[in-house]
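Notes follow once the structure below has been shown.
The values are calculated or read from the model by the stated rules, or taken from the named source; none is laboratory data. Remember, predicted model here, so these are calculated numbers, not experimental data. Reconstructed Cβ throughout: ideal geometry from the backbone, glycine too, with neighbour counts over all protein chains shown. Calculation scope for accessible area: heavy atoms of the full protein, side chains included, ligands and nucleic acids excluded. Shrake-Rupley method; radii C 1.70, N 1.55, O 1.52, S 1.80 Å.
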Amino acid sequence: MKRSHHCAIDFGTSNSAVALPRRDGGAGVELVALEGAFTGMPTAVFYAVEGLAAFQSPERLYGRAAIAAYVDGTEGRLMRSMKSILGSTLVERATEVGGGHQVRYLDVIAAYLRHLKSRAESHAGLAIDRAVIGRPVFFVDDEPERDAAAQSALERVAREVGFAEVQFQYEPIAAAFDHEQTVSREQVVMVADIGGGTSDFSVVRVGPARRTRLDRRDDILANHGVHVAGTDFDRRIELAHVMPLLGLGSLGPPRADGEPPREVPSGIYFDLATWHLINTCYAPARVLEIRGLREWYADARTHARLMQVLERRLGHALIAKAEDAKIGLSAAPATRIDLGLIESGLAAELREPQAMAAIAHDRERIAAAAREALRQAALAPARLDAIYFTGGSTGLDALVQAIGAVAPGAAQVRGDRFASVATGLGVHARRLFEGAAA
């Protein structure tokens, strides 16, 4: 490797991407192929412990390989949505990954960032020691101290993996930079970045005359966001349309004392639908506890299905089914959730109105955040030129319509759902580190 270089990292809750200056020396940036031809990679690490002695370190797998190892039943621990622990009390704690091995949550993030850095260096053929990393408008809603601590922790990890200089940029601002490359006149744009963990809104002035300015603080009229997005949608859909088939909300048999039947305990279902709690459901004592609740279930089949999920450790696979169903609705009005992994022929149908009903509260919170961004910008809806949509969850048309209703006269522009932020971060990195117009 010849000289130091820089990169831009979109470290997402669900998926991540890396952008570099174009290798041919031209203006603009290019995305790194992180897995084969894929430029986007699931934000996932799998710690494989199968066959390891206690003194041996677990093998780490990343992205699609991590998820495949988990689905194949390899002994170990799958870690996803690592970004969501930033700003939480978990950040300095360790967790069990199997076989008596423990790892700090921050070390999981470090391992993933180190892998992204390595892939970027292989792509560029250069050592990389400077980075712009995207961050949500709020890691933690309404708690500035915890939000600052989250960025500080991420910066510390980035320096540990070898980045001597680390800069941050809001993810929706980065998306605005990507959009700006295509506009021919000055506009006031609201960027709606609806990702896996956060829904962020920024009201920004963009235009040809502004592209070369490095300091764009005066062009940022407002930033606002909420910690509600795609993973919350997946959880709501799973709880509403998958978990009832496992007994959630069902009643027990008639009681001898004449009292109304009891509803089955619900805690296990909510934990199974929450990424960072799923593995706690597999603890032997908890499995034994749930097995002992058989008499609480009037329908023995639902309890048997729940036990299948626990004994075969299918919690993450169920969330993936809910996510796939959500994505499927971006291309069709209805989708089938195949649950044959639990019981042959078991399935649930999901239609867009049902999905929107499941996430109605979340959708309203997101639309309210868009209205608040306009209020903070002191901008009447009629003065907004465009809403620029990016992030994986903007594939849901009903969600886009709800946000669009905040400013009905604004043009609705759809960016690349999975690449806009990384591209915009790369544009910003070139301006920052090279003084390039990009």
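Among Arg64, Arg211, Arg185, the largest mean-square fluctuation in a Gaussian network model of the chain (Cα springs under 10 Å) belongs to Arg185. Per residue, the convex hull spanned by the alpha carbons of the range 324-370 comes to 88 Å³. With protein chains left intact and a 1.4 Å probe, residues in the range 378-436 average 36 Å² of accessible area per residue.
Using a probe of 1.4 angstrom and keeping all protein chains present, the accessible surface of the range 114-263 works out to 41 square angstrom per residue. With the whole protein complex present, Arg236 retains an accessible surface near 90 Å², based on a 1.4 Å probe. By its C-alpha gyration tensor, with a ≥ b ≥ c as the square roots of the eigenvalues, how is the range 86-138 shaped: rounded for a/c under 1.5, else prolate for a/b larger than b/c, else oblate? It is oblate, given that a/c is not under 1.5 and a/b is not larger than b/c.
Expressed to the nearest 5 percent, the antiparallel share of DSSP beta bridges inside the chain is 65 percent. Counting only DSSP H runs of at least 4 residues, each contributing -39500 (n - 2.57), and dividing by the residue count of the chain, the helix-based mean residue ellipticity at 222 nm comes to -11000 deg cm²/dmol.
For Asp129, the residues 5 or more places off, or on other chains, whose built amide H falls under 5 Å of its own are His5. Here's how it looks for Thr39: its modeled amide H is under 5 Å from those of Leu34, which are all 5 or more places away or on a different chain.
Please list Leu288, Leu329 from largest to smallest accessible area, probe radius 1.4 Å, with all protein chains kept in place.
The ranking, largest first, comes out as Leu288, Leu329.
When each pair of different Cα atoms in the range 301-438 is counted once in the 1/r mean, what is the Kirkwood radius in angstroms, to one decimal? Before the final figure, lay out the partial values.
Details: mean 1/r = 0.0552 Å⁻¹.
Mean inverse Cα-Cα distance, inverted, gives 18.1 Å.
Judged by the mean number of other Cβ atoms found within 10 Å, the most tightly packed of the peptides 333-340, 190-197, 218-225 leads the ranking 190-197, 218-225, 333-340. For Phe168, what residues show an amide H to amide H distance below 5 Å, using hydrogens built from the backbone and excluding near sequence neighbours? The answer is Ile133. Computing Rg and the Kirkwood Rh from the Cα coordinates of the range 273-350 gives a ratio, Rg/Rh, of 1.03. For the chain, the fraction of 1.4 Å probe accessible surface lying on carbon and sulfur atoms is 50 percent. Here the 3J(HN,Hα) profile of the range 196-202, calculated from phi with Karplus coefficients 6.51, -1.76 and 1.60 at θ = phi - 60°, is x, x, 9, 10, 10, 10, 9 Hz, Gly and Pro shown as x. Using a probe of 1.4 Å on the protein chains alone, the accessible area found for Arg210 is around 40 Å². Extent along the principal axes, Cα only, for the chain: 78, 58, 39 Å, with the longest axis given first.
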